[in-house]
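Structure, as structure tokens:
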Amino acid sequence: MIRFALRRLISLTLSLIVASIVIFAVIEIIPGDPAAFMLGVNARPDTVAALREELGLTASAPARYLAWVTGMLTGDFGTSYTYKTPVAGMIADRIWVSFPLAIYALILSTLIAFPAGIYAAARRGRLGDVSVMAATQLGVAVPNFWFAMIIVSIFSLKLGWFNAIGFPGWDAGFWPAIKALTLPAIALALPQAAILARVMRSSLLDMLNEDFMRTARAKGLSRRQALWRHAVRNAMIPVLTILGLQFAFLLAGGIIIEQVFYLPGLGRLIFQSIQARDLIVVESVVMLLVFTVIVVNFAVDIAYAAVDPRLRGRR
Amino acid sequence: MTIRTTLTASLLALTAGMAAAQTDITVAIQLEPPNLDPTGGAAQAIDSVLYSNVFEGLTRFMADGSVVPGLAHSWDISEGGTVYTFNLREGVTFHDGTTMDAEDVKFSLDRARAEDSTNAQKGLFAGITDVTVVDPLTVQVTLDGPNGMFLFNMAWGDAVIVAPESIETIASNPIGTGAFVFDEWVQGDRIEMSRNESYWGDAPALESATFKFISDPTAAFAAVMAEDVDAFVGFPAPENLPQFEADPRFQVLSGNTEGETILAMNNGMAPFDNVLVRQAVSLAIDRDAIINGAMFGQGTPIGTHFAPHNPDYLDLLELSPHDPERARELLAEAGFPDGFTTTLKLPPPSYARRGGEIIASQLRAVGIETEITNVEWAQWLEEVFGNKDYGLTIVSHTEPMDIGIYANPDYYFQYGDPAFVAIMDELNATTDPEGRTALLHDAQRMISENYVNGYLFELAIATVAKAGLSGLWLNQPTASVDLTGVSWSN
């Protein structure tokens, strides 16, 4: 087990190193000089040169890469070109919007998907199953930002239950903050719930065909009892995998949703920074997201291995 | 009723009215400022939030574009027009309590023109050879030659007066002399400011103001409709304006900006080095179709690179009427009877992206095929503006009075005709208004007759505000959401 964990840890480190190189390289290749962008069309060449010097853009690419990576290792994410404030502080502020939003959406998506998936599997082929599947088909097909506009026009503009935009901050209290995140979380959650419900259903149906289900029925359990006690538990493994992947997706999906709902989260930060060529911010935020995803995957791997000894030898 | 009771009654009514009136405002603009230093970046959003509200210069722009005294209440200009002596207002303090005096003016101007300056409009200060403190309220600025634009230049947001005491943190904590004190910036969300109780000028009616930054057209629509914001300056979705006009809760102000929107041609590259080709392109353009199709009718046609609301504007539209027939003849004359193919690079704003599609079809009608590429601003700056790697592009030049860019042969459309440079040199040396008007007319006519670029329209700006709000600027002579004169009437 220890050796397995160590092997995974080495591959995690390698993944992070490769990711950092790729992120840095891609951002180097994108055309657009941050200094020229900040100074606009009337700037004189000597002004742009002075700003490049001030921003530390005159050093060679490998030197800047090393400075960035070693800085991150010590918790120093650099200073934003445009905002002129430490990137670490900016990220810390924004995380308190994006992570709660992703978690909120994940909870909503689970709460919708599990009952829907189980219900559909239990009523396979019948009207209930068909309607749930039709609804999920629609949920998968509808883009979340479009769905966001629809719920804003209903719940904010028509009914006036929610503010159309904005986030009051956690200082305003837990419930006002949660209220402001509700519509965005629903918009993020529903398409994910649709996917999750479909996975839940098909995974359950696979289980229902397994031998142990026949055994369970043979020992006298009712269809429903067998479903709940044996099938659901076993069907959870692929579902949890999807759920882990979805957390990453929800964090990234926030980029658009945060624009539509005007939330000061990481997604909005990335969006604005890319437009402003605030490269150091883009690099660091993307690296943080990659780190999150890799660490979540690592944790999931370790958890599987802890539960299922067969996996330890295989990898 | 005696006079006294009438007075008391009206006073009561007045105070009652005042008690009921709202004294805070939430204003939305499209883009968030990247930082809060108007002297250190070109982003218009910085000026939109801070100009006149937090920072002031020696002179300032009024809503109608005129230049009036700011922190300098008067000035004397020497015989030859090279020495400006500014008399500063007394009792002006920065928001941190320090006094604004001649030393601060010298510091601000010297900083902007220094060798390592990162001022985006360093050119405004180019002619300054010396800044001398005469006494705490008098400062003398010496120029290398007469400059008819100098007082105008000093009104720009890039020329505001800053203090050495607070310069280190200006990007995140701006300290100015204006009628509003900066309170807080929650990045990605809002900027808050409140009334400066020790302001030297007339106290503003508003006690506090919040700026929000919404670029998504749908979110902007929802925010205004749900009354989450009180005013949206530069509303991003012109297609929604009729709906707001019809709604008694809102008022729509349709104003002009200083943005000459042009179809820029690469004059340094074949075939656009041929004036006949440029004329053909200009005649192929149907401005009304572009304004109606891309801008939902918002925008004033222009025939030269000059703001039509400026008193010195010359109407030259007749030089480039929509005449596809003549355009084809001109192309044949220029040696392109079958037309040619060129690139059309479009930056993100809708005037370019939507307008570009329409222009492409208008050009196709006279035989010019365009390969459209959509580019981000940073990419536009590098490829088009920097490397001049383009045939055609659409861009709005939003700096006020920027016809001088045509005198720079290295500017991205690569014109710089020596005759035009001569006009500009003479203009810079001319201070009497009539002489300046004549020269500005010459300059406008020259670039129009040379068909340097396709002149499309003056970019409009729409402000959607709640019905009870008054005092917002209609036009944008410089990017500014000046709140000093804004008040609620109910």
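The values are calculated or read from the model by the stated rules, or taken from the named source; none is laboratory data. Since this is a predicted model, take the numbers as computed values, not measurements. Here the Cβ is made from the backbone with ideal geometry for all residues, glycine too, and neighbour counts use every protein chain on show.
Applying the selection to the stretch B:66-101, what residues are touching a His at 6+ places or on another chain (Cβ under 8 Å) and of a type in the set (D, E, K, R)?
Of everything in the stretch B:66-101, just one residue is touching a His at 6+ places or on another chain (Cβ under 8 Å) and of a type in the set (D, E, K, R), namely B:R89.
Suppose we filter the stretch B:144-159 for residues that are touching a helix residue (DSSP H, G or I) at 6+ places or on another chain (Cβ under 9 Å), more than 10 Å from B:L58 (Cα to Cα) and in a loop (DSSP other than H, G, I, E, B); how many remain?
The qualifying residues number 5.
Filter the stretch A:18-37 down to the residues that are at pLDDT below 85 and of a type outside the set (D, E, K, R) and list them by number.
A:I27, A:I29, A:I30, A:P31, A:G32, A:P34, A:A35, A:A36, A:F37
Which residue, of A:A231, A:A185, A:A235, is farther than 29 Å from A:F291 by Cα, touching a Leu at 6+ places or on another chain (Cβ under 7 Å) and in a helix (DSSP H, G or I)?
Unique residue meeting the criteria: A:A231.
Filter the stretch A:141-154 for residues that are exposed (fewer than 14 other Cβ atoms within 10 Å of the Cβ) and either β-branched (V, I, T) or assigned to a helix (DSSP H, G or I) (or both); which is farthest from the other protein chains (Cβ to nearest Cβ)?
A:A141
Would you be able to tell me the number of residues in the stretch A:155-174 that are surrounded by fewer than 16 Cβ atoms within 10 Å (Cβ to Cβ) and either of a type in the set (G, A, S) or not assigned by TED's automatic domain parsing to the domain that holds A:G253 (or both)?
Adding up the residues that qualify gives 3.
Within the stretch A:18-30, is there a residue that is in a loop (DSSP other than H, G, I, E, B) and within 30 Å of the chain's Cα centre (by Cα)?
yes
Quick grid of which residues meet (1) more than 31 Å from the chain's Cα centre (by Cα); (2) away from every other protein chain (no Cβ under 14 Å); (3) surrounded by 15 or more Cβ atoms within 10 Å (Cβ to Cβ); (4) at pLDDT below 85:
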site	(1), (2), (3), (4)
A:L39	yes, no, yes, yes
A:R44	yes, no, yes, yes
A:T74	no, yes, no, no
A:Y83	no, no, yes, yes
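Please give the number of the condition B:F180 fails out of (1) closer than 30 Å to A:R94 by Cα; (2) in the same structural domain as B:L71 (by TED's automatic domain parsing); (3) touching a strand residue (DSSP E or B) at 6+ places or on another chain (Cβ under 9 Å); (4) not small (G, A, S).
(2)
In contact (Cβ under 8 Å) with a residue 60 or more places away in the chain and either in contact with a strand residue (DSSP E or B) (Cβ under 8 Å, 6 or more places away or on another chain) or in the same structural domain as B:V481 (by TED's automatic domain parsing) (or both), is that true of B:F232?
For B:F232, the condition - in contact (Cβ under 8 Å) with a residue 60 or more places away in the chain and either in contact with a strand residue (DSSP E or B) (Cβ under 8 Å, 6 or more places away or on another chain) or in the same structural domain as B:V481 (by TED's automatic domain parsing) (or both) - is met.
So that you can scan it fast, the table gives a plain yes or no per residue for (1) touching a residue at least 24 places away in the same chain (Cβ under 8 Å); (2) more than 14 Å from every other protein chain (Cβ to nearest Cβ):
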site	(1), (2)
A:D206	yes, yes
A:F212	no, yes
A:R229	no, yes
A:R233	no, yes
A:L243	yes, yes
A:L251	yes, yes
A:Q272	no, no
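Just for the stretch B:400-411: of the residues that are within 13 Å of another protein chain (Cβ to nearest Cβ) and of a type outside the set (A, V, I, L, M, F, W, C), which one is surrounded by the fewest Cβ atoms within 10 Å (Cβ to Cβ)?
So, considering only residues that are within 13 Å of another protein chain (Cβ to nearest Cβ) and of a type outside the set (A, V, I, L, M, F, W, C), the one surrounded by the fewest Cβ atoms within 10 Å (Cβ to Cβ) is B:D410.
Does B:G123 meet the test of being closer than 23 Å to B:P400 by Cα, of a type outside the set (A, V, I, L, M, F, W, C) and away from every other protein chain (no Cβ under 11 Å)?
So B:G123 fails the test.
Which of the residues belonging to the stretch B:324-353 are of a type in the set (D, E, K, R), crowded, with 18+ Cβ neighbours inside 10 Å and out of contact with any Ser or Thr (no Cβ under 8 Å at 6 or more places or on another chain)?
B:R328 - this is the single residue of the stretch B:324-353 that is of a type in the set (D, E, K, R), crowded, with 18+ Cβ neighbours inside 10 Å and out of contact with any Ser or Thr (no Cβ under 8 Å at 6 or more places or on another chain).
Just to be sure before I move on: is B:L381 within 23 Å of the chain's Cα centre (by Cα) and either outside any loop (DSSP other than H, G, I, E, B) or of a type in the set (A, V, I, L, M) (or both) in the structure I sent?
When the stated conditions are applied, B:L381 passes them.
If the requirement is being among the basic types (K, R), farther than 30 Å from B:A220 by Cα and at pLDDT 85 or above, which of these qualifies: A:R224, A:R201, A:R233, A:R315?
The conditions single out A:R201.
Going by the structure shown, is B:E32 crowded, with 18+ Cβ neighbours inside 10 Å, at pLDDT below 90 and of a type in the set (D, E, K, R)?
It is true that B:E32 is crowded, with 18+ Cβ neighbours inside 10 Å, at pLDDT below 90 and of a type in the set (D, E, K, R).
Restricting the search to the stretch A:72-126, which residues are farther than 23 Å from A:P34 by Cβ and basic (K, R)?
Once the filter is applied, which keeps residues that are farther than 23 Å from A:P34 by Cβ and basic (K, R), the stretch A:72-126 yields A:R123, A:R124, A:R126.
Let's see how each residue does on (1) modelled with pLDDT of 90 or more; (2) more than 17 Å from the chain's Cα centre (by Cα); (3) outside the structural domain of B:T142 (by TED's automatic domain parsing); (4) under 30 Å from B:D189 (Cβ atoms):
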residue	(1), (2), (3), (4)
B:L14	no, yes, yes, no
B:G17	no, yes, yes, no
B:L50	yes, no, yes, yes
B:F61	yes, no, no, yes
B:G65	no, no, no, no
B:A72	yes, yes, no, no
B:S78	yes, yes, no, no
B:T85	yes, yes, no, no
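Residues B:D323, B:D273, B:D286, B:D312: which one is among the acidic types (D, E) and under 25 Å from the mean Cα position of the chain (by Cα)?
B:D312
It is to be established whether one or more residues within the stretch B:194-204 are within 14 Å of another protein chain (Cβ to nearest Cβ) and in contact (Cβ under 8 Å) with a residue 40 or more places away in the chain.
Within the stretch B:194-204 (the criterion being within 14 Å of another protein chain (Cβ to nearest Cβ) and in contact (Cβ under 8 Å) with a residue 40 or more places away in the chain), the answer is no, since none of the residues qualifies.
Counting only residues that are out of contact with any helix residue (DSSP H, G or I) (no Cβ under 9 Å at 6 or more places or on another chain) and either surrounded by 18 or more Cβ atoms within 10 Å (Cβ to Cβ) or basic (K, R) (or both), which one in the stretch B:206-229 is farthest from the other protein chains (Cβ to nearest Cβ)?
B:L206
For B:G416, only one of the following conditions fails: (1) assigned to a strand (DSSP E or B); (2) touching an Asp or Glu at 6+ places or on another chain (Cβ under 9 Å); (3) of a type in the set (G, A, S). What is its number?
Unmet condition: (1).
List pairs: first in the stretch A:67-78 and at positive phi, second modelled with pLDDT of 85 or more, Cβ under 6 Å, 6+ apart or cross-chain?
Close Cβ pairs (under 6 Å, with a partner that is modelled with pLDDT of 85 or more) amount to A:G78/A:G71; A:G78/A:V87; A:G78/A:I280.
Is the stretch A:164-174 home to any residue that is part of a loop (DSSP other than H, G, I, E, B) and of a type in the set (V, I, T)?
Yes: the stretch A:164-174 contains one or more residues that are part of a loop (DSSP other than H, G, I, E, B) and of a type in the set (V, I, T).
Just for the stretch B:367-399: of the residues that are in contact (Cβ under 8 Å) with a residue 60 or more places away in the chain and of a type in the set (S, T, Y), which one is nearest to the other protein chains (Cβ to nearest Cβ)?
B:T398
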